[in-house]
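Take a look at the structure below.
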Amino acid sequence: MTLRASRRGLVPPFIAMDVLRAATERAAAGADILHLEVGQPGTPAPRAVREAAQRALDQAPIGYTDALGITPLREAIAAHYRRQYGVAVDPAEAIVTTGSSAAFLLAFLAAFEAGDRVALAVPGYPAYRNILAALGIEPVLIAVGENTHYQPTPELLAEAGRLDGLIVASPANPTGTMIDADDLARLAQYCHDNGIRLVSDEIYHGITYEAAATTARACGGEVIVVNSFSKYYSMTGWRLGWMLAPPDLLRSIECLAQNFYISPPALSQLAAVAAFDCRAELDRHVVRYRANRDRLIAALRAAGLSRFAPADGAFYLYADISEVTRDSEEFCRRLLAETGVAITPGRDFDQARGGGWVRLSFAGRSEEVAEAARRLEAWLPRAG
Ligand SMILES: Cc1ncc(COP(=O)(O)O)c(C=O)c1O
(Lines give C-alpha, C1' and ligand atoms only; values in the text may rest on other atoms or scores of the structure.)
Protein backbone atom coordinates (compact mmCIF):
# COMPACT_ATOMS: atom_id res chain seq x y z
CA MET A 1 0.00 0.00 0.00
CA THR A 2 1.33 3.47 -0.88
CA LEU A 3 2.02 5.52 2.20
CA ARG A 4 0.56 9.00 2.44
CA ALA A 5 2.69 12.18 2.75
CA SER A 6 1.31 15.31 4.34
CA ARG A 7 0.22 18.20 2.13
CA ARG A 8 1.27 20.62 4.88
CA GLY A 9 4.88 19.72 4.14
CA LEU A 10 4.58 20.71 0.50
CA VAL A 11 5.95 24.24 0.87
CA PRO A 12 7.99 25.75 -1.97
CA PRO A 13 11.79 25.54 -1.68
CA PHE A 14 13.83 28.47 -0.39
CA ILE A 15 15.41 29.07 -3.80
CA ALA A 16 18.39 30.97 -2.33
CA MET A 17 19.41 27.76 -0.54
CA ASP A 18 18.98 25.74 -3.75
CA VAL A 19 21.22 28.26 -5.57
CA LEU A 20 23.74 27.93 -2.72
CA ARG A 21 23.82 24.17 -3.23
CA ALA A 22 24.33 24.54 -7.01
CA ALA A 23 27.08 27.11 -6.43
CA THR A 24 28.78 24.96 -3.79
CA GLU A 25 28.73 21.93 -6.13
CA ARG A 26 30.37 24.02 -8.86
CA ALA A 27 32.97 25.29 -6.40
CA ALA A 28 33.70 21.69 -5.31
CA ALA A 29 34.25 20.84 -8.99
CA GLY A 30 36.90 23.57 -9.15
CA ALA A 31 34.90 26.58 -10.45
CA ASP A 32 35.74 30.05 -9.13
CA ILE A 33 32.45 30.94 -7.45
CA LEU A 34 31.45 34.25 -5.82
CA HIS A 35 28.63 33.86 -3.32
CA LEU A 36 26.14 36.71 -3.50
CA GLU A 37 23.15 34.41 -3.07
CA VAL A 38 22.92 33.85 0.68
CA GLY A 39 22.40 36.52 3.28
CA GLN A 40 25.24 35.84 5.63
CA PRO A 41 28.25 37.87 6.73
CA GLY A 42 31.63 36.69 5.49
CA THR A 43 33.07 37.42 8.95
CA PRO A 44 33.24 35.25 12.08
CA ALA A 45 31.45 36.01 15.34
CA PRO A 46 32.98 38.90 17.30
CA ARG A 47 36.25 38.09 19.05
CA ALA A 48 34.77 38.37 22.57
CA VAL A 49 32.01 35.92 21.62
CA ARG A 50 34.54 33.39 20.32
CA GLU A 51 36.63 33.79 23.48
CA ALA A 52 33.56 33.32 25.67
CA ALA A 53 32.70 30.17 23.68
CA GLN A 54 36.20 28.82 24.24
CA ARG A 55 35.98 29.49 27.99
CA ALA A 56 32.57 27.84 28.14
CA LEU A 57 33.84 24.77 26.30
CA ASP A 58 36.68 24.41 28.77
CA GLN A 59 34.73 25.16 31.93
CA ALA A 60 30.99 24.58 31.62
CA PRO A 61 29.02 21.43 30.96
CA ILE A 62 27.26 22.09 27.64
CA GLY A 63 23.91 20.75 28.68
CA TYR A 64 20.29 21.66 28.25
CA THR A 65 19.26 25.08 29.52
CA ASP A 66 15.93 26.54 30.52
CA ALA A 67 13.67 26.40 27.44
CA LEU A 68 13.42 30.20 27.39
CA GLY A 69 17.19 30.68 27.63
CA ILE A 70 19.83 31.32 30.29
CA THR A 71 19.18 34.21 32.66
CA PRO A 72 22.37 36.21 31.89
CA LEU A 73 21.48 36.27 28.20
CA ARG A 74 17.86 37.23 28.83
CA GLU A 75 19.11 40.04 31.08
CA ALA A 76 21.61 41.14 28.41
CA ILE A 77 18.82 41.25 25.80
CA ALA A 78 16.62 43.36 28.09
CA ALA A 79 19.55 45.71 28.82
CA HIS A 80 20.16 46.05 25.05
CA TYR A 81 16.65 47.51 24.60
CA ARG A 82 17.23 50.02 27.39
CA ARG A 83 20.62 51.07 26.00
CA GLN A 84 19.92 50.97 22.27
CA TYR A 85 16.33 52.20 22.08
CA GLY A 86 15.54 53.65 25.53
CA VAL A 87 12.77 51.05 25.94
CA ALA A 88 12.23 49.16 29.21
CA VAL A 89 11.93 45.39 28.80
CA ASP A 90 11.51 42.87 31.62
CA PRO A 91 14.05 40.02 31.12
CA ALA A 92 11.11 37.65 31.71
CA GLU A 93 9.65 38.74 28.36
CA ALA A 94 12.93 38.16 26.48
CA ILE A 95 12.90 34.63 25.09
CA VAL A 96 15.99 33.06 23.54
CA THR A 97 15.31 30.92 20.46
CA THR A 98 17.08 28.70 17.95
CA GLY A 99 17.59 31.49 15.43
CA SER A 100 14.77 33.86 14.63
CA SER A 101 13.43 31.02 12.46
CA ALA A 102 12.34 29.14 15.61
CA ALA A 103 10.93 32.36 17.06
CA PHE A 104 8.59 32.64 14.06
CA LEU A 105 7.34 29.09 14.47
CA LEU A 106 6.74 29.58 18.20
CA ALA A 107 5.15 33.01 17.75
CA PHE A 108 2.83 31.92 14.94
CA LEU A 109 1.69 28.86 16.88
CA ALA A 110 1.13 30.84 20.07
CA ALA A 111 -0.66 33.75 18.42
CA PHE A 112 -2.67 32.30 15.54
CA GLU A 113 -5.23 29.54 14.99
CA ALA A 114 -5.26 27.37 11.87
CA GLY A 115 -7.35 29.25 9.32
CA ASP A 116 -6.35 32.71 10.62
CA ARG A 117 -5.31 35.28 8.03
CA VAL A 118 -1.90 36.90 8.43
CA ALA A 119 -0.73 39.69 6.13
CA LEU A 120 2.78 40.23 4.87
CA ALA A 121 4.45 42.38 2.25
CA VAL A 122 5.49 40.96 -1.11
CA PRO A 123 8.32 41.07 -2.09
CA GLY A 124 9.31 39.66 1.28
CA TYR A 125 11.23 36.95 3.10
CA PRO A 126 9.77 33.65 1.81
CA ALA A 127 9.91 31.71 5.08
CA TYR A 128 7.12 33.85 6.60
CA ARG A 129 4.53 32.64 4.11
CA ASN A 130 5.93 29.10 3.96
CA ILE A 131 5.93 28.62 7.76
CA LEU A 132 2.42 30.09 7.96
CA ALA A 133 1.22 27.78 5.17
CA ALA A 134 2.76 24.71 6.83
CA LEU A 135 0.80 25.60 10.00
CA GLY A 136 -2.47 25.96 8.12
CA ILE A 137 -2.50 29.74 8.60
CA GLU A 138 -3.44 31.73 5.49
CA PRO A 139 -0.74 34.14 4.29
CA VAL A 140 -2.41 37.28 2.89
CA LEU A 141 0.02 38.75 0.38
CA ILE A 142 0.13 42.54 0.28
CA ALA A 143 1.78 43.56 -3.01
CA VAL A 144 4.01 46.55 -2.29
CA GLY A 145 6.16 48.72 -4.53
CA GLU A 146 8.00 51.99 -4.87
CA ASN A 147 4.93 54.10 -3.99
CA THR A 148 4.88 52.84 -0.37
CA HIS A 149 8.64 52.36 -0.08
CA TYR A 150 8.05 48.58 -0.50
CA GLN A 151 6.32 48.44 2.91
CA PRO A 152 2.69 47.82 3.93
CA THR A 153 0.50 50.75 5.00
CA PRO A 154 -2.79 50.90 6.94
CA GLU A 155 -4.50 51.80 3.64
CA LEU A 156 -3.23 48.63 1.96
CA LEU A 157 -4.22 46.56 5.02
CA ALA A 158 -7.73 48.02 4.94
CA GLU A 159 -8.13 46.64 1.39
CA ALA A 160 -7.06 43.13 2.45
CA GLY A 161 -10.24 42.03 4.23
CA ARG A 162 -10.34 40.51 7.73
CA LEU A 163 -6.87 40.05 9.20
CA ASP A 164 -5.65 38.34 12.37
CA GLY A 165 -1.98 39.20 12.05
CA LEU A 166 0.59 41.30 10.25
CA ILE A 167 4.30 40.60 9.81
CA VAL A 168 6.57 43.55 9.07
CA ALA A 169 10.33 43.69 8.57
CA SER A 170 12.43 46.83 8.80
CA PRO A 171 15.02 46.79 7.32
CA ALA A 172 13.40 44.24 5.01
CA ASN A 173 14.72 41.33 3.02
CA PRO A 174 15.05 41.50 -0.03
CA THR A 175 14.46 45.23 -0.47
CA GLY A 176 16.46 46.74 2.41
CA THR A 177 13.67 49.26 2.93
CA MET A 178 12.76 50.61 6.36
CA ILE A 179 9.63 51.83 8.13
CA ASP A 180 10.24 55.11 9.95
CA ALA A 181 9.08 55.64 13.54
CA ASP A 182 5.88 57.52 12.58
CA ASP A 183 4.79 54.96 9.99
CA LEU A 184 5.56 52.11 12.39
CA ALA A 185 3.42 53.81 15.06
CA ARG A 186 0.59 54.23 12.50
CA LEU A 187 0.77 50.55 11.56
CA ALA A 188 0.85 49.47 15.23
CA GLN A 189 -2.15 51.69 16.02
CA TYR A 190 -4.08 50.27 13.04
CA CYS A 191 -3.29 46.75 14.23
CA HIS A 192 -4.33 47.57 17.81
CA ASP A 193 -7.62 49.14 16.67
CA ASN A 194 -8.48 46.20 14.43
CA GLY A 195 -7.47 43.28 16.67
CA ILE A 196 -4.50 42.38 14.47
CA ARG A 197 -1.43 40.85 16.15
CA LEU A 198 1.69 42.67 14.92
CA VAL A 199 4.89 40.63 14.49
CA SER A 200 7.96 42.78 13.85
CA ASP A 201 11.04 41.11 12.35
CA GLU A 202 13.98 43.26 13.45
CA ILE A 203 16.77 40.88 12.41
CA TYR A 204 18.55 43.55 10.32
CA HIS A 205 18.61 46.19 13.06
CA GLY A 206 22.13 47.58 13.38
CA ILE A 207 22.76 47.23 9.63
CA THR A 208 21.42 50.59 8.50
CA TYR A 209 22.92 53.24 6.22
CA GLU A 210 20.64 56.28 6.48
CA ALA A 211 18.78 56.37 9.81
CA ALA A 212 18.84 54.01 12.80
CA ALA A 213 15.94 51.53 13.00
CA THR A 214 13.20 51.90 15.63
CA THR A 215 11.86 48.90 17.49
CA ALA A 216 8.16 48.13 17.32
CA ARG A 217 8.42 47.35 21.03
CA ALA A 218 8.29 51.13 21.54
CA CYS A 219 4.69 50.94 20.20
CA GLY A 220 3.57 48.74 23.12
CA GLY A 221 3.95 45.39 24.83
CA GLU A 222 1.33 43.55 22.73
CA VAL A 223 3.64 43.52 19.69
CA ILE A 224 5.77 40.40 19.13
CA VAL A 225 9.35 41.46 18.33
CA VAL A 226 11.70 38.94 16.70
CA ASN A 227 15.45 39.40 16.38
CA SER A 228 18.58 37.30 15.96
CA PHE A 229 22.32 37.08 16.43
CA SER A 230 22.64 35.96 12.79
CA LYS A 231 23.07 39.19 10.86
CA TYR A 232 24.45 42.28 12.67
CA TYR A 233 26.20 40.01 15.18
CA SER A 234 27.68 37.89 12.37
CA MET A 235 26.64 34.57 13.94
CA THR A 236 24.41 32.76 11.41
CA GLY A 237 25.63 29.25 12.17
CA TRP A 238 25.38 29.68 15.93
CA ARG A 239 21.61 29.40 15.44
CA LEU A 240 20.57 31.87 18.08
CA GLY A 241 17.80 34.45 18.06
CA TRP A 242 15.34 36.00 20.45
CA MET A 243 11.84 37.32 20.77
CA LEU A 244 10.06 39.79 23.02
CA ALA A 245 6.78 38.12 23.81
CA PRO A 246 3.61 39.75 25.16
CA PRO A 247 2.72 38.48 28.67
CA ASP A 248 -0.44 36.71 27.43
CA LEU A 249 1.62 34.46 25.11
CA LEU A 250 4.60 33.80 27.40
CA ARG A 251 3.48 30.54 28.99
CA SER A 252 2.27 28.96 25.77
CA ILE A 253 5.53 29.91 24.01
CA GLU A 254 7.43 28.36 26.91
CA CYS A 255 5.48 25.08 26.68
CA LEU A 256 5.85 24.96 22.89
CA ALA A 257 9.61 25.64 23.16
CA GLN A 258 10.04 22.92 25.81
CA ASN A 259 8.34 20.38 23.58
CA PHE A 260 9.85 21.42 20.23
CA TYR A 261 13.47 22.16 21.10
CA ILE A 262 14.02 21.49 24.84
CA SER A 263 16.35 24.51 24.76
CA PRO A 264 18.28 26.73 22.37
CA PRO A 265 21.96 25.77 21.84
CA ALA A 266 23.74 26.16 25.21
CA LEU A 267 27.23 26.94 23.87
CA SER A 268 25.86 29.68 21.63
CA GLN A 269 23.92 31.18 24.53
CA LEU A 270 26.92 31.24 26.87
CA ALA A 271 28.98 32.96 24.17
CA ALA A 272 26.30 35.40 23.01
CA VAL A 273 26.15 37.15 26.39
CA ALA A 274 29.31 38.98 25.23
CA ALA A 275 27.83 40.01 21.85
CA PHE A 276 26.13 43.22 22.98
CA ASP A 277 29.47 44.70 24.05
CA CYS A 278 31.01 44.23 20.59
CA ARG A 279 29.43 47.15 18.74
CA ALA A 280 32.70 48.82 17.71
CA GLU A 281 33.87 45.64 15.96
CA LEU A 282 30.46 44.98 14.42
CA ASP A 283 29.97 48.54 13.23
CA ARG A 284 33.14 48.14 11.16
CA HIS A 285 31.33 45.39 9.24
CA VAL A 286 28.50 47.83 8.54
CA VAL A 287 31.03 50.31 7.08
CA ARG A 288 32.19 47.53 4.76
CA TYR A 289 28.62 46.60 3.78
CA ARG A 290 27.96 50.20 2.82
CA ALA A 291 31.08 50.30 0.60
CA ASN A 292 30.06 46.95 -0.96
CA ARG A 293 26.55 48.28 -1.61
CA ASP A 294 27.87 51.42 -3.32
CA ARG A 295 30.31 49.43 -5.46
CA LEU A 296 27.61 47.02 -6.59
CA ILE A 297 25.16 49.81 -7.42
CA ALA A 298 27.84 51.61 -9.44
CA ALA A 299 28.62 48.44 -11.43
CA LEU A 300 24.98 47.66 -12.18
CA ARG A 301 24.31 51.28 -13.20
CA ALA A 302 27.35 51.23 -15.49
CA ALA A 303 25.92 48.08 -17.09
CA GLY A 304 22.51 49.70 -17.68
CA LEU A 305 20.46 48.52 -14.66
CA SER A 306 19.14 51.50 -12.77
CA ARG A 307 16.04 50.47 -10.82
CA PHE A 308 16.65 49.13 -7.32
CA ALA A 309 14.74 49.07 -4.07
CA PRO A 310 16.41 51.67 -1.81
CA ALA A 311 18.67 49.37 0.33
CA ASP A 312 18.58 51.73 3.32
CA GLY A 313 19.50 48.79 5.54
CA ALA A 314 20.26 45.02 5.52
CA PHE A 315 22.78 43.79 2.96
CA TYR A 316 20.77 43.16 -0.18
CA LEU A 317 20.22 44.88 -3.45
CA TYR A 318 16.87 44.01 -5.06
CA ALA A 319 17.30 44.91 -8.70
CA ASP A 320 14.78 45.17 -11.52
CA ILE A 321 16.02 43.18 -14.53
CA SER A 322 12.71 43.25 -16.43
CA GLU A 323 14.24 45.20 -19.31
CA VAL A 324 16.63 42.28 -19.82
CA THR A 325 14.35 39.32 -19.03
CA ARG A 326 11.23 38.18 -17.17
CA ASP A 327 12.83 34.82 -16.37
CA SER A 328 15.08 35.60 -13.42
CA GLU A 329 15.71 31.91 -12.70
CA GLU A 330 17.22 31.34 -16.16
CA PHE A 331 19.09 34.66 -15.80
CA CYS A 332 20.64 33.48 -12.50
CA ARG A 333 21.47 30.03 -13.92
CA ARG A 334 23.27 31.61 -16.90
CA LEU A 335 25.06 34.15 -14.71
CA LEU A 336 26.35 31.36 -12.45
CA ALA A 337 27.40 29.14 -15.37
CA GLU A 338 29.06 31.91 -17.40
CA THR A 339 30.67 34.05 -14.67
CA GLY A 340 30.64 32.07 -11.41
CA VAL A 341 28.58 34.79 -9.68
CA ALA A 342 25.74 33.27 -7.63
CA ILE A 343 22.68 35.49 -6.98
CA THR A 344 19.04 34.74 -6.15
CA PRO A 345 16.06 34.96 -8.53
CA GLY A 346 13.28 37.29 -7.41
CA ARG A 347 10.65 34.54 -7.44
CA ASP A 348 11.83 33.50 -3.97
CA PHE A 349 10.48 36.80 -2.67
CA ASP A 350 7.61 37.52 -5.03
CA GLN A 351 6.06 34.61 -6.89
CA ALA A 352 3.96 36.87 -9.13
CA ARG A 353 6.42 39.62 -10.14
CA GLY A 354 9.78 38.14 -9.14
CA GLY A 355 10.58 36.92 -12.68
CA GLY A 356 11.71 40.46 -13.41
CA TRP A 357 13.86 40.88 -10.30
CA VAL A 358 17.01 39.45 -8.68
CA ARG A 359 18.54 39.80 -5.21
CA LEU A 360 22.25 40.31 -4.68
CA SER A 361 23.69 39.94 -1.19
CA PHE A 362 26.65 42.23 -0.44
CA ALA A 363 27.43 40.77 2.99
CA GLY A 364 30.62 39.09 1.82
CA ARG A 365 34.25 40.19 1.81
CA SER A 366 35.05 43.43 -0.05
CA GLU A 367 37.33 41.70 -2.59
CA GLU A 368 34.62 39.12 -3.35
CA VAL A 369 31.93 41.76 -3.91
CA ALA A 370 34.32 43.92 -5.97
CA GLU A 371 35.21 40.98 -8.21
CA ALA A 372 31.51 40.08 -8.57
CA ALA A 373 30.79 43.70 -9.53
CA ARG A 374 33.50 43.53 -12.22
CA ARG A 375 32.15 40.26 -13.66
CA LEU A 376 28.55 41.55 -13.60
CA GLU A 377 29.50 44.77 -15.34
CA ALA A 378 31.27 42.83 -18.11
CA TRP A 379 28.52 40.17 -18.47
CA LEU A 380 25.29 42.20 -18.21
CA PRO A 381 25.55 43.87 -21.64
CA ARG A 382 25.64 40.33 -23.14
CA ALA A 383 22.75 39.00 -21.00
CA GLY A 384 19.75 40.04 -23.11
C1 LIG B 1 14.15 38.78 7.16
C2 LIG B 1 14.72 37.55 7.78
N3 LIG B 1 14.15 37.07 8.90
C4 LIG B 1 14.62 35.94 9.46
C5 LIG B 1 15.70 35.24 8.93
C6 LIG B 1 16.14 33.96 9.62
O7 LIG B 1 17.36 34.09 10.26
P8 LIG B 1 17.86 33.21 11.50
O9 LIG B 1 16.98 32.04 11.66
O10 LIG B 1 19.27 32.86 11.15
O11 LIG B 1 17.79 34.12 12.70
C12 LIG B 1 16.33 35.71 7.78
C13 LIG B 1 17.46 34.98 7.18
O14 LIG B 1 17.92 35.29 6.11
C15 LIG B 1 15.81 36.92 7.19
O16 LIG B 1 16.35 37.43 6.09
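Quick notes on this one:
- Only one entry of TYR204, TYR190, TYR232 meets the criterion of being in contact (Cβ under 8 Å) with a residue 24 or more places away in the chain, closer than 18 Å to THR148 by Cβ and among the aromatic types (Phe, Trp, Tyr), and that entry is TYR190.
- Of residues in region 345-369 being in a strand (DSSP E or B) and touching a helix residue (DSSP H, G or I) at 6+ places or on another chain (Cβ under 7 Å), the one modelled with the lowest pLDDT: PRO345
- Number of the condition not met by ALA94 [criteria: (1) in contact with a strand residue (DSSP E or B) (Cβ under 8 Å, 6 or more places away or on another chain); (2) modelled with pLDDT under 90]: (2)
- Subset of region 156-196 that is within 13 Å of the ligand (Cβ to nearest atom) and farther than 21 Å from ALA133 by Cα - its residue that is surrounded by the most Cβ atoms within 10 Å (Cβ to Cβ): THR175
- Residues of region 183-213 that are under 24 Å from LEU250 (Cβ atoms) and in contact with a Leu (Cβ under 9 Å, 6 or more places away or on another chain): LEU187, ALA188, CYS191, HIS192, ASN194, GLY195, ILE196, ARG197, LEU198, VAL199, SER200.
- Filtered residue count, region 207-226, keeping only those that are away from the ligand (no atom under 16 Å from the Cβ) and assigned to a strand (DSSP E or B): 0
- Taking the conditions (1) touching a strand residue (DSSP E or B) at 6+ places or on another chain (Cβ under 7 Å); (2) away from the ligand (no atom under 16 Å from the Cβ) in turn, CYS255 satisfies each one other than (1).
- Only one entry in VAL38, VAL49 is farther than 25 Å from LEU317 by Cα, of a type in the set (A, V, I, L, M, F, W, C) and in contact (Cβ under 8 Å) with a residue 40 or more places away in the chain, namely VAL49.
- Of the residues screened, ALA309 is one that is within 24 Å of PRO381 (Cα to Cα), within 16 Å of the ligand (Cβ to nearest atom) and surrounded by 16 or more Cβ atoms within 10 Å (Cβ to Cβ).
- The set of residues from region 82-97 being farther than 16 Å from GLU222 by Cα and surrounded by fewer than 22 Cβ atoms within 10 Å (Cβ to Cβ) comprises ARG82, ARG83, GLN84, TYR85, GLY86.
- Filtered by the rule that a residue be of a type in the set (A, V, I, L, M, F, W, C), within 14 Å of the ligand (Cβ to nearest atom) and either part of a strand (DSSP E or B) or surrounded by fewer than 23 Cβ atoms within 10 Å (Cβ to Cβ) (or both), region 197-206 gives a lone residue, VAL199.
- Subset of region 124-139 (residues that are out of contact with any strand residue (DSSP E or B) (no Cβ under 9 Å at 6 or more places or on another chain) and more than 15 Å from the ligand (Cβ to nearest atom)): ALA134, LEU135, GLY136
- Screening the candidates ALA342, ALA372 for the property of being among the aliphatic types (A, V, I, L, M), touching a helix residue (DSSP H, G or I) at 6+ places or on another chain (Cβ under 6 Å), farther than 30 Å from ASP180 by Cβ and assigned by TED's automatic domain parsing to the domain that holds LEU36 yields one hit, ALA342.
- Only one entry of LEU300, LEU256, LEU282 meets the criterion of being at pLDDT below 95 and either assigned to a helix (DSSP H, G or I) or among the hydrophobic types (A, V, I, L, M, F, W, C) (or both), and that entry is LEU300.
- The condition of being part of a helix (DSSP H, G or I), within 13 Å of the ligand (Cβ to nearest atom) and in contact with a Pro (Cβ under 9 Å, 6 or more places away or on another chain) holds for only one of ALA102, ALA121, ALA76, that being ALA102.
- Here region 233-246 is the region considered, the condition is being away from the ligand (no atom under 11 Å from the Cβ) and buried (at least 22 other Cβ atoms within 10 Å of the Cβ), and the residue that is farthest from GLY99 (Cα to Cα) is ALA245.
- Yes/no for ARG293 being more than 22 Å from ALA107 (Cα to Cα), in contact with a Gly (Cβ under 9 Å, 6 or more places away or on another chain) and of a type in the set (D, E, K, R): yes
The values are calculated or read from the model by the stated rules, or taken from the named source; none is laboratory data. Note that the structure is a prediction, hence the values are computed from the model and not measured. Virtual Cβ from ideal backbone geometry, glycine too; neighbours counted across all protein chains shown.
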